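Inspection log for the structure reproduced underneath, given as structure tokens.
The values are calculated or read from the model by the stated rules, or taken from the named source; none is laboratory data. No experiment lies behind these values; they were computed from the predicted model shown. Cβ atoms come from the backbone with ideal geometry, glycine included; neighbour counts cover every protein chain shown. Just the protein is used for accessible areas: all its heavy atoms, side chains included, with ligands, DNA and RNA removed. Shrake-Rupley method; radii C 1.70, N 1.55, O 1.52, S 1.80 Å.
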Amino acid sequence: MKIVILEDNRIEYERIKQSLEDWVENYDIELSLLHFENAESFFNDPQNYSPNIDLFLLDIEMGNMNGIEAAKRLRLLDYKGDIIFLTAFKDFVFEGYNVHAFNYLLKPLNNDIFFRCLSEIEKKRHSNCYIYRNKQQITVSIPYHEIISFSVNRHYVDITTTKTVYAQYNNLNTIINSLPRQFVQVHRSYIINLSHVFKFSQNKIHLSNGSTVEVGRTYLKNFKTQYLQYTTRFNRNEEFQ
């Protein structure tokens, strides 16, 4: 889990860090922490920001740019992840609703409440990911939006993503039943992610990585229906999950 902490009090930061380390002991996950003493130092370097950051922990009372203003700027950057405000005062609680804050925690942190928040975020994080396990039973959470396709390769299934290719001992029938609606089987050997369809013509799907997949005859009608629904989902104000 990738977490960024904006906290100007070093003692408070160390307490938060210790709480996070205590919490992560109960999970088989890797914790990545970045700490900044004020919002300005975070935003001054564009490389600090990534849409893949899972959680921002924002102290409200800090520097020239407070935590509320930092959260508003994150949302302007189209950040979709979670934000938790940390403060010694209750005065700003309703401000959090304007930036879709996950929660608002008083300092010093109550670990029971903090841990419940973190566990809920971790649960949600996995619900947006495909869980891949290799031969050594090492687990990798692959965000759905990074997956381009699943394809049969002998006794394995290749999971092609925007970053790499994973090989998993599995079958498409099992996989398709665990995926959200944006994934459609288009051939007995292929499942594709509709969000990575670049073009569809002459029964061929052109994917975002430059590859093409021919739609099987028995899958063509369902693919066209699903693709139409996906490409018009915002017109119907529909969540496609």
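Between helix 111-127 and the chain there is an angle of about 20 degrees, using the helix long axis and the longest principal axis of the Cα atoms. Against the chain, whose longest principal axis is taken from its Cα atoms, helix 67-76 shows a tilt of about 20°.
Helical content alone sets the calculated 222 nm signal of the chain at -8000 deg cm²/dmol, taking -39,500 (n - 2.57) per DSSP H segment of four or more residues and averaging over every residue.
Shape analysis of the chain yields a ratio of the Cα radius of gyration to the Kirkwood radius, Rg/Rh, of 1.05. Taken along its principal axes, the alpha carbon cloud of region 153-192 reaches lengths of 23, 22, 17 Å, longest axis first.
Taking the Cα centre of the chain as origin and assigning +1 to Lys and Arg Cβ atoms and -1 to Asp and Glu Cβ atoms, the resulting dipole is close to 1860 debye.
Size descriptors for region 1-124: radius of gyration and Dmax over Cα atoms are 13.3, 38 Å.
Taking amide H positions as modeled 1.01 Å from N, with prolines and chain starts lacking one, the residues under 5 Å from Asn170 and 5 or more places away or on another chain are Val157.
Put simply, the amide H of Met65, placed in the peptide plane, has neighbours under 5 Å in Ala39, Glu40, leaving out anything fewer than 5 places away on its chain. Extension gain, Asn44 to Ala88: 0.36 nm times the residue separation minus the Cα-Cα distance gives 13.2 nm.
Per residue, the accessible area of the chain comes to 59 Å², computed with a 1.4 Å probe over protein heavy atoms only. Please give me, ordered by residue number, the chymotrypsin sites (Phe, Trp or Tyr not before Pro) of region 18-90 that lie in loop per DSSP and have at most 10 other Cβ atoms within 10 Å. Filter output for region 18-90: Phe89.
The simple Förster model, with R0 at 41 Å and r as the Cβ-Cβ distance, assigns Glu21 and Ser201 a FRET efficiency of 0.20.
Listed by chain and number, the lysines whose alpha-carbon sits under 25 Å from that of Lys17, ignoring those within fewer than 8 places in the same chain, are Lys2, Lys72, Lys80, Lys90, Lys107, Lys123, Lys124.
Relative to the dominant Cα principal axis of the chain, helix 220-231 is inclined by about 30°. Multiplying the residue separation of Glu214 and Leu34 by 0.36 nm and removing their Cα-Cα distance gives an extension gain of 60.4 nm.
Loop-only check: which trypsin sites (Lys or Arg not before Pro) in region 168-230 are DSSP coil with at most 15 other Cβ within 10 angstrom?
Numbers: sites: Arg181, Arg188, Lys199, Lys204, Arg217, Lys221, Lys224; in loops: Arg181, Arg188.
The qualifying sites are Arg181, Arg188.
Within the accessible surface of the chain, defined with a 1.4 Å probe on protein heavy atoms only, the carbon and sulfur portion equals 47 percent.
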